[in-house]
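Novice: Got a structure here, written out as structure tokens. Questions coming.
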Amino acid sequence: MIHLSNITKQHGSQVLFREAGFQILPGSRNGLVGPNGAGKTTIFRIITGEEEADGGEITRAKRTTVGYFSQDVGEMAGRTALMEVMAGSAETMRLANELREMEAAMCEPMEDDEMASLLERYGAAQEEFEHRGGYDLDTRARTVLTGLGIGPDRFDLPVESFSGGWKMRIALARILTLKPDVLLLDEPTNHLDVESIVWLEEWLSTEFDGALLMTSHDRDFMNRVVTRIIEVANRTITSYNGNYDFYERERDIRLELLLASHKRQQDMLAKEEEFIARFAARASHAAQVQSRVKKLEKIERIEVPAGERVVRFEFQEPPRSGDDVAVFEELAKSWTRTDGGEHPVFSGASGIIRRGSKIAVVGVNGAGKSTFLKTLAGLTEPTGGSVSRGAGVELGYFSQHAMEVLDPKKTVFETVQDAMPLANIGVIRNLLGAFLFSGDAVDKRVENLSGGEKSRVVLATLLVRPINFLVLDEPTNHLDIRSREIVLDALRTFTGTVLLVSHDRHFLRSLVNRVFEIDHGEMRVYEGDYRYYLEKTRDDATIAA
């Protein structure tokens, strides 16, 4: 369907890949992975024609439609949410108008040759219209919008009234509704809650029959959707037939084999070079020396990719708190609407957070999870009930807004140094290395960091403070899979108490031992891990049905 062959691309002096390639076959499910800056977005842009390769060839089957969802959604204005989604299928809508015009023309008298020509054009347009899914475009647009959390009551709202995160959902709905032959998705799960992610998994598996190439930082999503991994790293592109977990295992096996081959070759080269050095000056061995020199010149040297430096940081033991970290009774929160009325978020929430617990707060988007965290953290006053903290509780709070309080003019090193002023340079650098900042990266100013880098800085400064109660609102947003694993490892070993909201199911399964669910303004407490919660809610849904 799409074939990239011997592609070479570099930005300035940085070579992204050289004479590399892969194929996107009809109906295939491909995950695109690689470290930041390796060239994943460039691959997307080469396929869409937004960038040209420096060398090589890209071939595409005729009539292949490509849909590309990126994090840059552009301006949206002047349409309702539903019309904005349908506008992404402009060619399909143009064909619909053309078919209507030709149908009207058929009702008028004309010569036989003219009618035959019109019927031929009508047949071709109808075939293309059907190929693009034109007959169920409106239904598909409504279904996709609803699946992504924008229900019928919001279809006719102007897109300008939606926040940035909801606009991203509308942009994603545009591309999914297009139903292209090749679907390119760059981080489609950003800004989605768990329910929308599960819906998207199901839609891609059952409703979409085209080819897929996507990046995602959500391990579970990758494992459930893709059956082939395309890795962009070390100036080449490598394919693995399997999901993300298979890729990780197979990559490690291939690396071990490569290192073993590299060692054997280095041992052989050392022996040959020793022979040449020893006998180069002897006329009696001149032929042998020359033969071995030529042999070494012809050998293709095995290159070992630069290894990722793994740094472990031992976090200091947090001060011990009382056994009851927080107690809340009949807790309620309402926001005041612009018309002066009250909008209830949740009410009647009661429970105890015990020392050492790692608790997930779950619920559909808009259920009030973030508001509940803010209320417990004391960042907003409850409108009903009470919340009290236990003895010796030192609370640290993280949200995406926490990144905004970073000093943009300070470097990464200076920011962390402010959080641990008594630590020496080596300890600070070791901490930064554990959070993937090494070399010159520690001297980058905060204003030049990406969203993921800022998240790692804030989390690092939180985890080195004498805090025993961490309240985290979406700590994995903007983090890639490797960064998420680092944060997960840190929280696993953290001996204090954790209360968090996250839509990363792998993260929740691997960490939490209790679940608070906020549903229709009420709270339910599940005394078990995330798997237990899923089983109980599944059983309850079965009984209700």
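Novice: Out of Glu329, Glu381, which single residue is out of contact with any strand residue (DSSP E or B) (no Cβ under 7 Å at 6 or more places or on another chain), farther than 28 Å from Leu148 by Cβ, assigned by TED's automatic domain parsing to the domain that holds Glu527 and not hydroxyl-bearing (Ser, Thr, Tyr)?
Specialist: Answer to the selection: Glu381.
Novice: Hey, could you check region 448-463 for residues that are modelled with pLDDT of 85 or more and more than 22 Å from the chain's Cα centre (by Cα) and say which is nearest to Lys358 (Cα to Cα)?
Specialist: Going through the qualifying residues, I end up with Leu462.
Novice: On the given criteria, is Leu148 in contact (Cβ under 8 Å) with a residue 40 or more places away in the chain and over 22 Å from Lys369 (Cα atoms)?
Specialist: Taking the combined requirement at face value, the residue does not satisfy it.
Novice: In region 123-142, is there at least one residue being in contact (Cβ under 8 Å) with a residue 24 or more places away in the chain, farther than 26 Å from Leu204 by Cβ and more than 29 Å from the chain's Cα centre (by Cα)?
Specialist: Taking every residue of region 123-142 in turn, at least one turns out to be in contact (Cβ under 8 Å) with a residue 24 or more places away in the chain, farther than 26 Å from Leu204 by Cβ and more than 29 Å from the chain's Cα centre (by Cα).
Novice: Right, another one. With the checklist (1) within 23 Å of the chain's Cα centre (by Cα); (2) within 26 Å of Arg505 (Cα to Cα) in hand, flag the one item Pro180 doesn't pass.
Specialist: (2)
Novice: Scan region 389-397 and tell me whether some residue there is among the β-branched types (Val, Ile, Thr), surrounded by fewer than 17 Cβ atoms within 10 Å (Cβ to Cβ), assigned to a loop (DSSP other than H, G, I, E, B) and in contact with a Ser or Thr (Cβ under 9 Å, 6 or more places away or on another chain).
Specialist: Taking every residue of region 389-397 in turn, none turns out to be among the β-branched types (Val, Ile, Thr), surrounded by fewer than 17 Cβ atoms within 10 Å (Cβ to Cβ), assigned to a loop (DSSP other than H, G, I, E, B) and in contact with a Ser or Thr (Cβ under 9 Å, 6 or more places away or on another chain).
Novice: Just name the residue that is farthest from Ser455 (Cα to Cα) out of those in region 401-422 that are among the aliphatic types (A, V, I, L, M) and surrounded by 16 or more Cβ atoms within 10 Å (Cβ to Cβ).
Specialist: Per the stated criteria, the residue is Met420.
Novice: Of all residues in region 360-388 being charged (D, E, K, R) and surrounded by 15 or more Cβ atoms within 10 Å (Cβ to Cβ), which is nearest to the chain's Cα centre (by Cα)?
Specialist: Per the stated criteria, the residue is Lys369.
Novice: Of everything in region 348-373, what is assigned to a helix (DSSP H, G or I) and without any contact (Cβ under 8 Å) to a residue 40 or more places away in the chain? Give them in sequence order.
Specialist: Thr371
Novice: Here's another thing I want to ask about it. Give me the residue from region 50-100 that is charged (D, E, K, R) and surrounded by 15 or more Cβ atoms within 10 Å (Cβ to Cβ) and, out of that set, modelled with the lowest pLDDT.
Specialist: Of everything passing the filter in region 50-100, Glu98 is modelled with the lowest pLDDT.
Novice: Can you list residue pairs whose Cβ atoms sit under 9 Å apart, with the first residue in region 250-272 being assigned to a helix (DSSP H, G or I) and the second being of a type in the set (Asp, Glu) and surrounded by 10 or more Cβ atoms within 10 Å (Cβ to Cβ)? Count only pairs 6 or more apart in sequence or on different chains.
Specialist: As it stands, the answer is Arg251/Glu231; Leu258/Glu303; His262/Glu303, since those pairs meet every condition given.
Novice: Then there is this: Mind checking which residues of region 149-171 are buried (at least 19 other Cβ atoms within 10 Å of the Cβ) and assigned to a helix (DSSP H, G or I)?
Specialist: Matches in region 149-171: Val159, Trp166, Lys167, Met168, Arg169, Ile170, Ala171.
Novice: Suppose we filter region 23-48 for residues that are at negative phi and touching a residue at least 60 places away in the same chain (Cβ under 8 Å); how many remain?
Specialist: Within region 23-48, residues that are at negative phi and touching a residue at least 60 places away in the same chain (Cβ under 8 Å) number 18.
Novice: Another question, then. Go through region 507-521 and count every residue that is in contact with a strand residue (DSSP E or B) (Cβ under 6 Å, 6 or more places away or on another chain) and either among the aromatic types (Phe, Trp, Tyr) or under 13 Å from Ala332 (Cα atoms) (or both).
Specialist: 3
Novice: Another question, if that's okay. Scan region 389-406 residue by residue and report those that are over 28 Å from the mean Cα position of the chain (by Cα) and of a type in the set (A, V, I, L, M, F, W, C).
Specialist: Ala391, Val393, Leu395
Novice: Can you tell me which of Thr461, Thr495, Thr476 is of a type in the set (Val, Ile, Thr) and crowded, with 22+ Cβ neighbours inside 10 Å?
Specialist: Of the residues listed, the single one that is of a type in the set (Val, Ile, Thr) and crowded, with 22+ Cβ neighbours inside 10 Å is Thr476.
Novice: List pairs: first in region 103-115 and closer than 16 Å to Ala125 by Cβ, second of a type in the set (S, T, N, Q) and surrounded by fewer than 11 Cβ atoms within 10 Å (Cβ to Cβ), Cβ under 8 Å, 6+ apart or cross-chain?
Specialist: none
Novice: Something else: Taking the options Asp440, Asp473, name whichever one is assigned by TED's automatic domain parsing to the domain that holds Gly363, of a type outside the set (Gly, Ala, Ser) and at pLDDT 90 or above.
Specialist: Asp473
Novice: Test Thr206 against the criterion of being out of contact with any helix residue (DSSP H, G or I) (no Cβ under 8 Å at 6 or more places or on another chain), surrounded by fewer than 16 Cβ atoms within 10 Å (Cβ to Cβ), farther than 23 Å from Leu534 by Cβ and among the β-branched types (Val, Ile, Thr), and give yes or no.
Specialist: So Thr206 fails the test.
Novice: While we're looking at this one, here's another question. Which of the following residues is farther than 30 Å from Ser483 by Cβ, part of a loop (DSSP other than H, G, I, E, B), in the same structural domain as Leu204 (by TED's automatic domain parsing) and among the small types (Gly, Ala, Ser): Gly56, Gly27?
Specialist: Gly27
Novice: How many of the residues making up region 15-32 are farther than 17 Å from Ala211 by Cα and either surrounded by 18 or more Cβ atoms within 10 Å (Cβ to Cβ) or touching a Phe, Trp or Tyr at 6+ places or on another chain (Cβ under 9 Å) (or both)?
Specialist: Number of matching residues: 3.
Novice: Also, quick follow-up: Scan region 127-142 and tell me whether some residue there is in contact with a His (Cβ under 9 Å, 6 or more places away or on another chain) and of a type in the set (A, V, I, L, M).
Specialist: no
The values are calculated or read from the model by the stated rules, or taken from the named source; none is laboratory data. Source: prediction; values computed, not measured. No Cβ is skipped: glycine too gets one built from the backbone with ideal geometry, and neighbour counts run over all protein chains shown.
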